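The values are calculated or read from the model by the stated rules, or taken from the named source; none is laboratory data. It should be emphasised that the depicted structure is a prediction, and the values quoted were computed from it without experimental measurement. When we count neighbours, we look across all protein chains shown, and the Cβ atoms used for this are built from the backbone with ideal geometry, even at glycine. Areas reflect the complete protein model, heavy atoms only, side chains present, ligands, DNA and RNA absent. Shrake-Rupley method; radii C 1.70, N 1.55, O 1.52, S 1.80 Å.
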Amino acid sequence: MAISRCCVALLLLVVLVAAGSAAAAADQLRVDYYRETCPNVEAIVRDEMEKIIGAAPSLAGPLLRLHFHDCFVRGCDASVLLSSTAGNVAERDAKPNKSLRGFGSVERVKARLEAACPGTVSCADVLTLMARDAVVLARGPTWPVALGRRDGRVSAAGEAAASLPPADGDIATLLRIFAANDLDIKDLAVLSGAHTLGTAHCPSYAGRLYNFTGKNDADPSLDGEYAGRLRARCASATDESGMISEMDPGSYKTFDTSYYRHVAKRRGLFSSDASLLTDATTRDYVRRIATGKFDAEFFSDFGESMTKMGNVQVLTGEEGEIRKKCYVINS
């Protein structure tokens, strides 16, 4: 018994030290971090983003998703941007990341910043700013972004597969993954609203449409009429045709609250969307925002939760590096 208590105490101490260390790193981030070294960083990013989203509005969702997939694996260190090498399969080539897009856009923005301020602005900060601007340019909210992140040197596909919130995750699984990143149940309800932007391929949701319980049926938590429309796009649970569906039908290029109205009607595309209705706290949030009376509240909540997520396990000071190109570590 004494040994068990000792081990528990030691584990708690390790957790507290790790949490304190992460908080200390986040405290080093500042909105004016580049005031002296690259004062026009935000203007440069916004200028390029206006051109990128102006030419391809559908990229807003993928660029926001890139930031999410980065922060949930090793924290917000731009490790998702690194390419695989002969001796290492990187995060971007993990199965959950196979459909990620926008890497070229990140390199484009980074190149502009390297021309203006060589070796100064990290890819992690670039990605964080681009995610914020993607939301703004999709008619969503804005929020101040504290800067000063540094780039990681490690990227492993296995870690991505183990760390990312799965599209078929239940509420317990999602809460566990969020908690591991110092994000709470409200953050889960709020950040799920990012599914107002973007599209998804059949393999990420078609398992809900065919033989869900072994009786050649669809997921009972999915609205029947909506399931029928989705089956018209995905021929089987393993459909690899490349067909896509809008995550927020009719509004997938605009950041708004219609996602919550779909979820409230049992028309969320993923099992993870449907899981929000299985917990009282997340269900209440979904139904509240779905009324359309609290858009400003959601916009404010989203900025706050994005700020929390953007601070997850950041590298600062002398940790990591400032990559010259986001897809490869400095030699």
Heavy atoms only, probe 1.4 Å: what % of the accessible area of the range 40-163 goes to carbon and sulfur, would you let me know?
53 percent
If amide H atoms are built 1.01 Å from N in the plane of the peptide, which residues on other chains or at least 5 residues away come under 5 Å of the amide H of LEU315?
ARG150
Label point distance in nm, SER58-GLU304, each placed 7 Å from Cα along Cα→Cβ:
3.5 nm
Per its Cα gyration tensor (rounded if a/c is under 1.5, else prolate when a/b beats b/c, else oblate), the range 63-181 is best filed as oblate
Place a point 7 Å from Cα of LYS98 in the direction of its Cβ. Which residues in the range 155-177 have their backbone N less than 20 Å from it?
156-169
Short version: ³J(HN,Hα) in whole Hz for each residue of the range 295-310, in order, from phi by Karplus 6.51 cos²θ - 1.76 cosθ + 1.60 (θ = phi - 60°), x for Gly and Pro, what are they?
4, 5, 5, 4, 4, 5, 4, 5, x, 5, 5, 5, 5, 4, 5, x
How high is the relative contact order of the chain? Use alpha-carbon pairs under 8 Å, at least six apart in sequence, and give a whole percent.
25 percent
Cut-off under 5 Å, modelled amide H: who pairs with TYR252 long-range:
none
Given C-alpha coordinates of the chain, what is the ratio Rg to Rh with the Kirkwood estimate of Rh?
0.98
The answer for chymotrypsin sites (Phe, Trp or Tyr not before Pro) in the range 26-119 that fall in a DSSP coil and have at most 14 neighbouring Cβ atoms within 10 Å is none
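Determine the shape class of the range 68-108: with a ≥ b ≥ c the square roots of the Cα gyration tensor eigenvalues, call it rounded for a/c under 1.5, and otherwise prolate if a/b is greater than b/c, oblate otherwise.
On the way: a/c = 1.35, a/b = 1.11, b/c = 1.22.
In terms of gyration-tensor shape, rounded.
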Between THR199 and residues 5 or more places away or on another chain, which pairs have amide H atoms under 5 Å apart, with H built 1.01 Å from N, and which residues are they?
MET247
Under a GNM of the chain (C-alpha, springs under 10 Å), which listed residue has the highest mean-square fluctuation: ALA161, ALA56, ALA116?
ALA56
Environment charge of TYR34, counting only residues whose C-beta is closer than 10 Å and scoring Lys/Arg +1, Asp/Glu -1:
-2
With the dipole of the range 171-310 defined by +1 on each Lys or Arg Cβ and -1 on each Asp or Glu Cβ, the option from VAL190, LEU276, ALA227 whose Cα lies farthest towards the positive pole is ALA227
Among GLY310, GLY148, GLY140, the residue with the largest mean-square fluctuation in a Gaussian network model of the chain built from Cα contacts under 10 Å is GLY140
What ³J(HN,Hα) values, in whole Hz, does the Karplus curve 6.51 cos²θ - 1.76 cosθ + 1.60 give for the range 277-282 when θ = phi - 60°, with x put for Gly and Pro?
8, 9, 10, 4, 5, 5
Coil-residue trypsin sites (Lys or Arg not before Pro) of the range 48-129, DSSP, other Cβ within 10 Å capped at 11:
LYS98
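Got a sec? What order do TYR327, TYR285 fall in by accessible area at 1.4 Å, biggest, i.e. largest, first? Display every interim value, and only then the final one.
On the way: TYR327 90, TYR285 25 Å².
Descending accessible area places them as TYR327, TYR285.
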If you average the alpha carbon positions of the range 181-221 and of the range 271-304, how far apart do those two centres end up, in angstrom?
15 Å
Using only Cα atoms, tell me the angle between helix 60-71 and the longest principal axis of the chain; keep it within 0 to 90° and round to the nearest 10.
70 degrees
Using alpha-carbon positions, the gyration tensor of the range 123-176 gives root eigenvalues a ≥ b ≥ c; with a/c under 1.5 called rounded, otherwise prolate if a/b exceeds b/c, else oblate, the class is oblate
Please list the radius of gyration and Dmax for the range 272-331, considering alpha-carbon atoms only, with Å as the unit.
18.4, 53
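At R0 = 45 Å, how high is the FRET efficiency between ALA115 and ALA180 if r is their beta carbon distance? Nearest 0.05 is fine.
On the way: r = 38 Å, r/R0 = 0.85.
About 0.75, to the nearest 0.05.
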Looking at the range 171-310 from every direction and averaging, what is the projected area of its Cα convex hull in nm²?
8.5 nm²
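Ignoring everything except DSSP H segments at least 4 long, calculate the 222 nm mean residue ellipticity for the chain; use -39,500 (n - 2.57) per segment, divide by total residues, nearest 500.
Working: 13 runs with 152 residues, N = 331.
Result for the chain: -14000 deg cm²/dmol, rounded to the nearest 500.
Explain nothing, just the number: dipole magnitude of the chain about its Cα centre with +1 on each Lys and Arg Cβ and -1 on each Asp and Glu Cβ, in debye rounded to the nearest 20.
On the way: 39 positive and 41 negative charges, 103 e Å.
In total the dipole reaches around 500 debye.
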